[in-house]
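These notes concern the structure reproduced below.
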Amino acid sequence: MSEIVDEHINHGYTTDKDAYLRRLKRVEGQVRGIARMVDEDKYCIDILTQVAAVNKALHAVSLGLVEDHMRHCVVGAAHESEATGNPDIVAAKVKEATDAIGRLLR
């Protein structure tokens, strides 16, 4: 199911967007460094150490985004659900978050 997203809606990460972009650019540089290490036939364990560092950095970004989603989107859905009396609104956001966490754990 695809969701149409209004470009003018603020997302939970909006206030930290610059920090996320800096972190992701740093990860991008690390990945380029790993590719260079492979190209230069560096020692396997050194490459694996760098891969682990990239994974840790991406997990940190992921956890931050999950937290932002819970704080902004799920809480917002809870308020909307309360105001409208429709429990499906918050249930849908919680399911969305749970599914995203499940994808991260695979």
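Where a number appears in this text, it was derived from the coordinates with a stated rule and is not lab data. This one's a predicted model, so the numbers in the text were calculated from it and none came from an experiment. We place every Cβ from the backbone using ideal geometry, glycine too, and count neighbours over all the protein chains shown.
If a residue must be among the basic types (Lys, Arg) and under 18 Å from HIS59 (Cβ atoms), how many such residues does region 78-106 contain?
Residues of region 78-106 among the basic types (Lys, Arg): 93, 95, 103, 106.
Within this subset, residues satisfying the condition of being under 18 Å from HIS59 (Cβ atoms) are 103, 106.
Matching residues across region 78-106 total 2.
Go through region 53-101 residue by residue and tally those that are more than 27 Å from ILE34 (Cβ to Cβ) and either touching a residue at least 24 places away in the same chain (Cβ under 8 Å) or not hydrophobic (A, V, I, L, M, F, W, C) (or both). Reasoning before the result, please.
First, pick out the residues of region 53-101 that are more than 27 Å from ILE34 (Cβ to Cβ): 67-99.
Subsequent filtering for residues that are either touching a residue at least 24 places away in the same chain (Cβ under 8 Å) or not hydrophobic (A, V, I, L, M, F, W, C) (or both) retains 67-73, 76, 79-82, 84-88, 93, 95-99.
Number of matching residues: 23.
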